[in-house]
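**Q** Here's a structure for you.
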Amino acid sequence: MMDEQLFKTKADDALTALNRALISLSEDCAFDVDFNAGALSVEFEDPPGKFVISPNAPVRQIWVSAHSRSYKLDWDIVESAFVLTINGQTLKELIQQEIGKQLGEEVDL
């Protein structure tokens, strides 16, 4: 398992990159992005909804709450990304899929 400082660096890098991609996408889609205290939130007006993406340092995971579900992503050294261990889906792919589901259209981060 990686140490806490390395986890924080990897998580911050991943969430910062995701924040940039989400801000760019939000210009064309109807949602707001907030990156505060190390956590990202994505809020939708129509249909209403909120996703929360946050690091969980004690277990070295990034947790995502979307569509009344919780996803826990671990660092994958081969992918050099946080991934769902059950299917190998990266954080970016997961968020892209969930936003598409929320908006009812395919989106590209």
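Bear in mind that the values in this text are calculations on the coordinates, not laboratory data. Here the structure is a predicted model, which means the values were calculated and not measured. Ideal geometry is used to build each Cβ from the backbone, glycine not excepted, and the neighbour counts take in all protein chains shown.
**Q** Out of the residues in the range 67-104 that are β-branched (Val, Ile, Thr) and touching a Phe, Trp or Tyr at 6+ places or on another chain (Cβ under 9 Å), state the one that is nearest to residue 55 (Cα to Cα).
**A** So the residue we want is 83.
**Q** Also, quick follow-up: In the range 1-27, what count of residues is obtained for those that are in a helix (DSSP H, G or I) and acidic (Asp, Glu)?
**A** Residues that pass the stated criteria total 3.
**Q** Could you tell me whether residue 38 is over 14 Å from residue 14 (Cα atoms) and either over 9 Å from the mean Cα position of the chain (by Cα) or of a type in the set (Asp, Glu) (or both)?
**A** No, not satisfied.
**Q** Give 52, 78, 64 a once-over and let me know the one that is out of contact with any helix residue (DSSP H, G or I) (no Cβ under 8 Å at 6 or more places or on another chain), part of a strand (DSSP E or B) and under 19 Å from residue 94 (Cβ atoms).
**A** Checking each option against the conditions leaves just 52.
**Q** Take the conditions farther than 20 Å from residue 20 by Cβ, part of a strand (DSSP E or B) and among the basic types (Lys, Arg) and apply them to residue 72. Does it pass?
**A** The answer is yes for residue 72.
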